[in-house]
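Colleague: One structure is given below, represented as structure tokens, and several questions about it will come after.
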Amino acid sequence: MSTEARRLASLLLARLPPPPLKPTSIYDPSLTSQIDALSDPPSVRSALHLLNDDTTRAHELAQSDDGNLTSCYVHQQLHRREGDYWNSKWWLGIGMRAPHPVLNRIHGGVAAGKQFVDLCEAVGSGQSADGKLEQWEELTATLEYALDFGSK
């Protein structure tokens, strides 16, 4: 991937504390135009936007790249982060057509990924402990995968 995409990734991966499960605003609005200007594949740009808590731009890009497994996985994550839990689970089960390698590594497969969506929903309604660190691990791994494998 481009040097600029990796530079932006470094900035976003250095943010502390980890992003909220459900963002209420873009983390750094000044990065939006920089991410949009990249010539990297949509999977890379959508993952960068998602780490910047820009679910609108991440959604547009992921949806435009529907056949790409990484873009489909970002699409699933952004629905979870938007609070659209049913749709997030649909993407895990049917929308992706196949489990993403990051899903398997972080959650152990589709069933456990859906359980994580349920946990996030419970956190949103004040019924459970926080899953921010697991989400951060997943977002980080997804971005790293997109940077390494781009259009896969």
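The values are calculated or read from the model by the stated rules, or taken from the named source; none is laboratory data. Computed from a predicted model, the values in this text were never measured in an experiment. For neighbour counting, all protein chains shown are included, and Cβ atoms are generated from backbone atoms with ideal geometry for every residue, glycine included. Side chains are part of the model used for accessible areas, which takes the heavy atoms of the whole protein and leaves out ligands, DNA and RNA. Shrake-Rupley method; radii C 1.70, N 1.55, O 1.52, S 1.80 Å.
Colleague: Kindly provide the set of residues from the range 22-40 that are crowded, with 19+ Cβ neighbours inside 10 Å and either closer than 15 Å to residue 140 by Cα or within 15 Å of the chain's Cα centre (by Cα) (or both), ordered by number.
Modeller: Residue satisfying the conditions is 35 alone.
Colleague: Continuing with the same structure: Search the range 91-103 for residues being part of a helix (DSSP H, G or I) and surrounded by 16 or more Cβ atoms within 10 Å (Cβ to Cβ), and hand back the single one that is modelled with the lowest pLDDT.
Modeller: Ranking the qualifying residues of the range 91-103, first place goes to 95.
Colleague: For residue 106, all conditions in the list (1) over 14 Å from residue 142 (Cα atoms); (2) open to solvent by 10 Å² or more (accessible area, probe 1.4 Å); (3) touching a helix residue (DSSP H, G or I) at 6+ places or on another chain (Cβ under 7 Å) hold save one; what is the number of the exception?
Modeller: Result: residue 106 fails condition (1) only.
Colleague: Could I ask something else about it? So, of the residues in the range 63-90 that are of a type outside the set (A, V, I, L, M, F, W, C) and open to solvent by 40 Å² or more (accessible area, probe 1.4 Å), which turns out to be nearest to residue 28 (Cα to Cα)?
Modeller: In this case the residue turns out to be 82.
Colleague: If you go through the range 4-36, how many residues are in contact (Cβ under 8 Å) with a residue 60 or more places away in the chain and within 22 Å of residue 85 (Cβ to Cβ)?
Modeller: Number of matching residues: 5.
Colleague: I would also like to ask the following. Please go through the range 42-62 and give me each residue that is open to solvent by less than 20 Å² (accessible area, probe 1.4 Å) and part of a helix (DSSP H, G or I), ordered by number.
Modeller: Of everything in the range 42-62, those that are open to solvent by less than 20 Å² (accessible area, probe 1.4 Å) and part of a helix (DSSP H, G or I) turn out to be 43, 44, 46, 47, 48, 49, 50, 51, 58, 61, 62.
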